Amino acid sequence: MLAILSYSKDVTEYRGSFRALKVLFVYIPLVFMCYVNINILVPVFFFKGRYLIYFSLLVLLVILSLSVMSNVLEIFFPNTRPDIERDNAGRGFYESIIILIPIILVTTMIKLFQRWMRDNQKINELNKINFNMELNELRNQMNPHFLFNTLNGIKSLVRSDPDKAGMVIMKLSEFLRYQLYENNDERTLLKSEINFLSNFLDLETIRRDNLSVKISTDTDCNIIKSVFLPPNLFTTFVENAVKHSVNISGEESFVYVNIDVKDNTLYFSCVNSKDPNYIPSASEKSSGLGLGNIRRRLELLYGHNHTLDINSTETKYEIKLTIPL
């Protein structure tokens with residue numbers, strides 16, 4: 001673009017510093033228009049589907065920039081050829097608009113291509129993370145150790161409390177059904193996620209003595225049944241809460257989960273007890289990898305629109321997550 005301006009007819013009539021100055025006066029508005037288009041008009045209007053507003057503002061930007069450029073050039077480079085008629089100058093102004101708009105639209109295409117490349121990279125990384133998370137879920141949630149302990153708990157309940165045993169079997173059935181079938185879609189109902197977490201925690205109480213669990217929400221049930229979100233966003237947090245809530249002194253440990261929806265924003269919190277004298281095993285330490293995966297997944301899904309706060313003390317571990325819906 002700079003080379004074309006340097007050898008255009010309007011510029012070659014000048015020599016030395018005047019020629020460079022005129023090129024600069026023409027080049028700066030072009031760079032300004034491209035910059036405003038790429039960094040303001042495209043992200044704010046084009047990417048959000050406001051195509052009519054985008055094109056209108058683009059035309060307005062070109063007209064205003066050309067008007068300013070024409071006035072500046074008229075001051076520093078007055079017309080020395082009176083044979084040129086005013087209508088020819090006006091026609092040149094409109095021709096410049098017609099030429100500049102496609103040139104600036106090229107920068108829009110470049111921005112689109114960059115976004116397409118970035119989105120593809122995010123999709124590939126998300127697929128990889130989801131694949132790794134699925135493998136971790138198969139190892140951690142549906143391993144024989146978990147199933148055997150749960151079934152042994154049911155076996156003892158069959159003798160002592162048949163009604164409760166039947167309820168636990170139903171929860172285990174719902175838990176396995178969700179893991180195998182319902183969380184394979186890109187988005188799932190918040191109600192299904194809450195039911196899954198509730199079943200998981202209820203089954204953990206069979207495996208663990210002195211474990212108190214609670215899932216609460218102040219959100220209307222109709223809203224919970226209508227909100228969709230990516231599956232298994234909270235599973236890793238709750239799993240880690242259960243693993244690290246162990247109390248070696250035998251005192252009661254707890255896991256409390258709260259999920260609320262307000263103003264198209266979801267607020268999730270998970271608090272678990274900690275024993276300052278407990279030393280986690282190697283397998284429990286490896287759960288930090290799952291937390292790293294979920295951090296990266298949240299970044300890919302929501303970018304800077306989410307917040308994840310983790311607070312840890314000697315006796316309590318708390319996670320607060322906020323995501324847009």
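A few notes on this one:
- A search for C-beta distances below 6 Å between a residue of the stretch 106-126 that is in contact (Cβ under 8 Å) with a residue 12 or more places away in the chain and part of a helix (DSSP H, G or I) and any residue that is open to solvent by 80 Å² or more (accessible area, probe 1.4 Å) and of a type outside the set (Gly, Ala, Ser), counting only pairs 6+ apart in sequence or on different chains, returns nothing.
- For the stretch 198-226, the tally of residues that are within 23 Å of residue 308 (Cβ to Cβ) and touching a strand residue (DSSP E or B) at 6+ places or on another chain (Cβ under 6 Å) stands at 10.
- Within the stretch 301-325, the set of residues being outside any strand (DSSP E or B), in contact (Cβ under 8 Å) with a residue 24 or more places away in the chain and more than 14 Å from residue 229 (Cα to Cα) comprises 313, 314, 315.
- Residue match in the stretch 181-195 (condition: modelled with pLDDT under 75, of a type in the set (Ser, Thr, Tyr), under 29 Å from residue 325 (Cα atoms) and under 37 Å from the mean Cα position of the chain (by Cα)): yes
- Considering each residue of the stretch 220-236 in turn, none proves to be modelled with pLDDT under 85 and more than 21 Å from the chain's Cα centre (by Cα).
- Only listed residue being at pLDDT 85 or above and either open to solvent by less than 40 Å² (accessible area, probe 1.4 Å) or acidic (Asp, Glu) (or both), chosen from 36, 26, 106: 36
- Residue satisfying condition, being modelled with pLDDT under 85, surrounded by 11 or more Cβ atoms within 10 Å (Cβ to Cβ) and more than 41 Å from the chain's Cα centre (by Cα), within set 85, 74: 74
- Some residue of the stretch 118-137 being in contact with an Asp or Glu (Cβ under 8 Å, 6 or more places away or on another chain), surrounded by 14 or more Cβ atoms within 10 Å (Cβ to Cβ), at pLDDT below 80 and under 18 Å from residue 201 (Cα atoms): no
- Residues of the stretch 292-316 classified as more than 18 Å from residue 265 (Cα to Cα), polar (S, T, N, Q) and surrounded by fewer than 12 Cβ atoms within 10 Å (Cβ to Cβ), total: 4
The values are calculated or read from the model by the stated rules, or taken from the named source; none is laboratory data. What you see is a predicted model; the values in this text were computed from it and never measured. Neighbour counts run over all protein chains shown; Cβ positions are idealised from the backbone, glycine included. These area figures cover heavy atoms from the full protein model, side chains too; ligands, DNA and RNA do not enter into them. Shrake-Rupley method; radii C 1.70, N 1.55, O 1.52, S 1.80 Å.
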